[in-house]
Amino acid sequence: MLPAVPPPPGLLRPVVELKLKPGWRYDPGRRLFAGARGKVCKPEGLPKGSRLLPKVPHLAAADAKTLSPSERDLQRRVQLVLPRQGSAAAGLAVAREWPCVEEARLPPQISLPSAR
């Protein structure tokens, strides 16, 4: 087995994986989290240049009542993409403070193939 080779520094932007609490979804048009009965949660405390992206964009605007349980679970998943100079650990700490977030974690470490 070949050893893992980390990507060059600055190649990838830091990412935090989010799972929202049941009944919440990310509304990319309004750039906020929308919950049941009109509740909203604004993503505050992020560095300039951060982006929130639904994991499955075509499910982001779908009515949860029309979705299967698996699709509703996917609708709750969002990626927080930080600026290149940002810290994934800092983004993780900020996201865990939002009341709409059930789970926030760092994605698995990737590696590039090594030359033989």
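The values are calculated or read from the model by the stated rules, or taken from the named source; none is laboratory data. Just so it is clear, the model here is predicted, and its values are computed rather than measured. Glycine also receives a Cβ, built like all others from the backbone with ideal geometry; neighbour counts cover every protein chain displayed.
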Task: Residue satisfying all of: in region 47-65; out of contact with any helix residue (DSSP H, G or I) (no Cβ under 6 Å at 6 or more places or on another chain) and assigned to a loop (DSSP other than H, G, I, E, B); modelled with the lowest pLDDT among these - done: A61
Task: Residue count for region 71-85, restricted to those that are charged (D, E, K, R) and without any contact (Cβ under 8 Å) to a residue 60 or more places away in the chain - done: 4
Open item on the list: List the residue pairs whose Cβ atoms are under 9 Å apart, where the first residue sits in region 1-21 and is more than 30 Å from E97 (Cα to Cα) and of a type in the set (A, V, I, L, M), the second is in a strand (DSSP E or B) and at pLDDT below 80, and the two are 6 or more positions apart or on different chains.
Closed with: A4/L112; V5/L112
Task: Selected residue (only one of A104, A95 is outside any helix (DSSP H, G or I) and either without any contact (Cβ under 8 Å) to a residue 24 or more places away in the chain or on the phi < 0 side of the Ramachandran plot (or both)) - done: A104
Task: Looking only at region 14-28, and only at residues there that are in a loop (DSSP other than H, G, I, E, B) and touching a helix residue (DSSP H, G or I) at 6+ places or on another chain (Cβ under 9 Å), the one that is surrounded by the fewest Cβ atoms within 10 Å (Cβ to Cβ) - done: P22
Task: Output for region 57-76, where each listed residue is of a type in the set (G, A, S), over 19 Å from E103 (Cα atoms) and surrounded by fewer than 10 Cβ atoms within 10 Å (Cβ to Cβ) - done: S68
